[in-house]
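*Asks:* Got a structure for you, written out below as structure tokens; questions coming shortly.
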Amino acid sequence: MSPSAISELTQKCQDIAITPAKTLHLKGHGDGEATSNGLEKSEFLLGRHLHKAFPMVTGGKGNYLYLADGRTVFDASSGAAVSCLGYGNERVIAAITDQINTGVSYLCSSFWGNSVVEELCKELINGTGGQMSRVYLTGSGSEAMEAAVKLARQYFYESDKQTPRVNFIARETSYHGNTIGALGVSGHVARRAPYEPFLMDNIHRVSACNAYRQRKNGESDESFVARKAAELEAKFQELGPETVIGFVCEPVVGAALGCVPSVPGYLKAMREVCHKHGALFILDEVMCGMGRCGTLHAWQHEEVVPDLQTLGKGLGGGYQPIAAVLISPKVVDAFMNGSGQFVHGQTYQAMPVQAAAALEVQRIQREENLMQNAKTQGEYLEKCLKSLLGDHPNVGDIRGRGLFWGLEFVKDKETKEPFDPKLGVAEKVHDTAISAPFNMTMYPGTGTVDGFAGDHIILAPTYIVTKEDIERIAKVTLEVVSKVFESPGVDS
Ligand SMILES: Cc1ncc(COP(=O)(O)O)c(C=O)c1O
């Protein structure tokens, strides 16, 4: 982008960031303890932070959340990369309402079938171009990971009750969920720490695929990928290839690393190693999938079809808690020709009301060609972010794909040294962004370097964003980052 284009962009966005909050008709405050800055501490909910006060939200529409203190906040992260269609979508609300009005929002999935559930599964299979053949529905990404781990183990158990396949290989600095099984697969050091003594000990790790931090000077994509494939091969050999169930990774790492895409050729090379040893290639697309990266599935970027794949977040767009495992014909056949039963199940799975919401979200995405918008606006977001923040001394890396972008913060751009974790840099960026006059959400993450040190934020706006929205996001991000790094104690 030329300097004049940047200055035009800056000018255009100038007013947006300092626009006074709109006054809206709002409901009353919550019952929590009000603080002087309009935040409230919960009295009854045991949330993630017991001492932190939060802004109270009273409503939302499109890209915006309306707060009890009168502010309107632009959601540039879709919550936690969830609200892909924005808030208050009337078609989705109608689909949910219609389903509830049939009288069956819930059905016991071991007694009954339901056409909405079947329609959703058909929509999802069609979205893979027929590469996957069955869908297992769950209520969260963590549950989807639990189910994937069990499906993978049972795949081998179906044909051999004495199968020696007991090990998984996952990656460092990865996040796959918070339930005990999913956390066991996760390489998120801080989230694992309190529970380490009882997490599964059959999960082994190789390094992530993080070009910013791991690529050697002058190393080509091919050499980098070959190094990663050799590391995976060595791990198979160390464990005994016949003991490995599968390898698990995120095609674009979300919360743990801040939108780090796999280097071209990586997924294919890793799948080859898995298949050479008869192990399964498993992708976690809970965060990066369902259009977030500009293709419906992140693996479609390079057409590297997995054996099992998890989905979540954008599947239901936040309108219902729903996630899924997509299962390839190879794995389905093993069950079909074996016991014909998956030894798993939960009360809230495959609920018609969940399916009605997700089906409508997916139909809207398809009918309104929102994947194309995610791709086009995502490319523009990359351009704007790199033009405005690429030279900032504390922005070490800007990476991502589609509408999934991460900014990694560093104390020293040359050495890539991270900030002292005690400074809470990512949290400061989030807290500043969400406050007036910026009024924008950015999703913060820490442990980006080694699980403890390292700070990043994720920008993951809705798929309905316009060019003007993208310019606003980039401009406000610049203003927020500038403000945080100029403040005492955080300067480099
Ligand atoms: C890649 C990935 N996998 C799994 C999960 C767990 O999903 P959930 O929080 O819905 O249980 C997450 C959540 O952030 C995620 O990002």
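The values are calculated or read from the model by the stated rules, or taken from the named source; none is laboratory data. Everything quoted here is computed from the prediction, not taken from an experiment. Heads up, the Cβs are rebuilt from the backbone with ideal geometry, glycines too, and the neighbour counts pull from every protein chain shown. Areas reflect the complete protein model, heavy atoms only, side chains present, ligands, DNA and RNA absent. Shrake-Rupley method; radii C 1.70, N 1.55, O 1.52, S 1.80 Å.
*Asks:* For the range 284-300, check the following and say yes or no: at least one residue is among the acidic types (Asp, Glu), at pLDDT 95 or above and in contact with a Ser or Thr (Cβ under 7 Å, 6 or more places away or on another chain). Steps first, answer last, please.
*Replies:* Keep residues of the range 284-300 that are among the acidic types (Asp, Glu), which gives 284-285.
This time we only want the ones that are at pLDDT 95 or above, so: 284-285.
Imposing the further condition that a residue be in contact with a Ser or Thr (Cβ under 7 Å, 6 or more places away or on another chain) reduces the set to 284-285.
There is at least one residue in the range 284-300 that is among the acidic types (Asp, Glu), at pLDDT 95 or above and in contact with a Ser or Thr (Cβ under 7 Å, 6 or more places away or on another chain).
*Asks:* Determine if the range 273-283 includes at least one residue that is within 15 Å of the ligand (Cβ to nearest atom) and under 23 Å from the mean Cα position of the chain (by Cα). Spell out the reasoning first.
*Replies:* Step one: filter the range 273-283 for residues within 15 Å of the ligand (Cβ to nearest atom), giving 282-283.
Subsequent filtering for residues that are under 23 Å from the mean Cα position of the chain (by Cα) retains 282-283.
Looking through the range 273-283, at least one residue is within 15 Å of the ligand (Cβ to nearest atom) and under 23 Å from the mean Cα position of the chain (by Cα).
*Asks:* Which members of the range 216-252 meet the condition of being touching a residue at least 40 places away in the same chain (Cβ under 8 Å) and either among the acidic types (Asp, Glu) or over 26 Å from His188 (Cβ atoms) (or both)?
*Replies:* Selection gives Asp221, Glu222, Ala226, Glu233, Gly240, Glu242, Glu250.
*Asks:* Need at least 1 residues that are within 26 Å of Lys228 (Cβ to Cβ) and within 10 Å of the ligand (Cβ to nearest atom) per element, so show me which helices (runs of 4 or more DSSP H) inside the range 136-215 make the cut, counting only ones lying wholly within it.
*Replies:* 141-157, 180-185
*Asks:* Can you pull out every residue in the range 456-471 that is in a strand (DSSP E or B) and either open to solvent by 20 Å² or more (accessible area, probe 1.4 Å) or not hydrophobic (A, V, I, L, M, F, W, C) (or both)? Write out each step before concluding.
*Replies:* Initial filter on the range 456-471 (in a strand (DSSP E or B)): 456-459.
If the condition is that a residue be in a strand (DSSP E or B) and either open to solvent by 20 Å² or more (accessible area, probe 1.4 Å) or not hydrophobic (A, V, I, L, M, F, W, C) (or both), then His456 is the only one that fits.
*Asks:* Do any strands (runs of 3 or more DSSP E) entirely within the range 298-409 hold 1 or more residues that are more than 20 Å from Leu120 (Cβ to Cβ), of a type in the set (A, V, I, L, M, F, W, C) and within 23 Å of the chain's Cα centre (by Cα), and if so, which?
*Replies:* 395-401, 404-409
*Asks:* Take the range 177-215 and flag every residue that is of a type in the set (Phe, Trp, Tyr) and out of contact with any Asp or Glu (no Cβ under 8 Å at 6 or more places or on another chain).
*Replies:* First, the residues of the range 177-215 that are of a type in the set (Phe, Trp, Tyr): 195, 198, 212.
Those that are of a type in the set (Phe, Trp, Tyr) and out of contact with any Asp or Glu (no Cβ under 8 Å at 6 or more places or on another chain): Tyr195, Phe198.
This table checks each residue for (1) within 16 Å of the ligand (Cβ to nearest atom); (2) within 24 Å of Leu85 (Cβ to Cβ); (3) surrounded by fewer than 24 Cβ atoms within 10 Å (Cβ to Cβ).
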position: Phe247; (1), (2), (3): yes, no, no
position: Ala256; (1), (2), (3): yes, no, no
position: Val263; (1), (2), (3): no, no, yes
position: Lys268; (1), (2), (3): no, no, yes
position: Glu285; (1), (2), (3): yes, yes, no
position: Leu308; (1), (2), (3): yes, no, no
position: Gln320; (1), (2), (3): yes, yes, yes
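*Asks:* On to the next question. All but one of (1) at pLDDT 95 or above; (2) open to solvent by 10 Å² or more (accessible area, probe 1.4 Å); (3) in contact with a helix residue (DSSP H, G or I) (Cβ under 7 Å, 6 or more places away or on another chain) hold for Val343; state the number of the condition that does not hold.
*Replies:* Checking Val343 against (1) at pLDDT 95 or above; (2) open to solvent by 10 Å² or more (accessible area, probe 1.4 Å); (3) in contact with a helix residue (DSSP H, G or I) (Cβ under 7 Å, 6 or more places away or on another chain), the one that fails is (1).
*Asks:* Then there is this: Please work out if His188 is open to solvent by less than 50 Å² (accessible area, probe 1.4 Å), touching a helix residue (DSSP H, G or I) at 6+ places or on another chain (Cβ under 7 Å) and within 26 Å of Gly454 (Cβ to Cβ). Let's see the steps before the verdict.
*Replies:* On the way: open to solvent by less than 50 Å² (accessible area, probe 1.4 Å): yes; touching a helix residue (DSSP H, G or I) at 6+ places or on another chain (Cβ under 7 Å): no; within 26 Å of Gly454 (Cβ to Cβ): yes.
For His188, the condition - open to solvent by less than 50 Å² (accessible area, probe 1.4 Å), touching a helix residue (DSSP H, G or I) at 6+ places or on another chain (Cβ under 7 Å) and within 26 Å of Gly454 (Cβ to Cβ) - is not met.
*Asks:* Those residues that are within 16 Å of the ligand (Cβ to nearest atom) and of a type in the set (Val, Ile, Thr), I need them from the range 322-352; list them, please.
*Replies:* Ile322, Val325
*Asks:* Right, here's the next one. What residue, of Ala152, Ala193, Ala226, Ala148, is surrounded by fewer than 19 Cβ atoms within 10 Å (Cβ to Cβ) and either in contact with a helix residue (DSSP H, G or I) (Cβ under 6 Å, 6 or more places away or on another chain) or modelled with pLDDT of 95 or more (or both)?
*Replies:* So the residue among Ala152, Ala193, Ala226, Ala148 that is surrounded by fewer than 19 Cβ atoms within 10 Å (Cβ to Cβ) and either in contact with a helix residue (DSSP H, G or I) (Cβ under 6 Å, 6 or more places away or on another chain) or modelled with pLDDT of 95 or more (or both) is Ala226.
*Asks:* Can you name every residue in the range 91-124 that is touching a Lys or Arg at 6+ places or on another chain (Cβ under 9 Å) and under 19 Å from Glu368 (Cα atoms)?
*Replies:* Across the range 91-124, the qualifying residues are Arg91, Ala95, Glu123.
*Asks:* Can you tell me which residue is modelled with the lowest pLDDT among those in the range 467-492 that are more than 13 Å from Ala76 (Cβ to Cβ) and polar (S, T, N, Q)?
*Replies:* Taking the candidates together, the pick is Ser492.
*Asks:* Within the range 76-88, track down each residue that is surrounded by fewer than 23 Cβ atoms within 10 Å (Cβ to Cβ) and away from the ligand (no atom under 16 Å from the Cβ).
*Replies:* Residues satisfying the conditions are Gly86, Tyr87, Gly88.
*Asks:* Hey, another quick one. Only one residue in Ala433, Ala426, Ala474, Ala453 is of a type in the set (A, V, I, L, M), surrounded by fewer than 24 Cβ atoms within 10 Å (Cβ to Cβ) and touching a residue at least 12 places away in the same chain (Cβ under 8 Å), so which one is that?
*Replies:* Ala453
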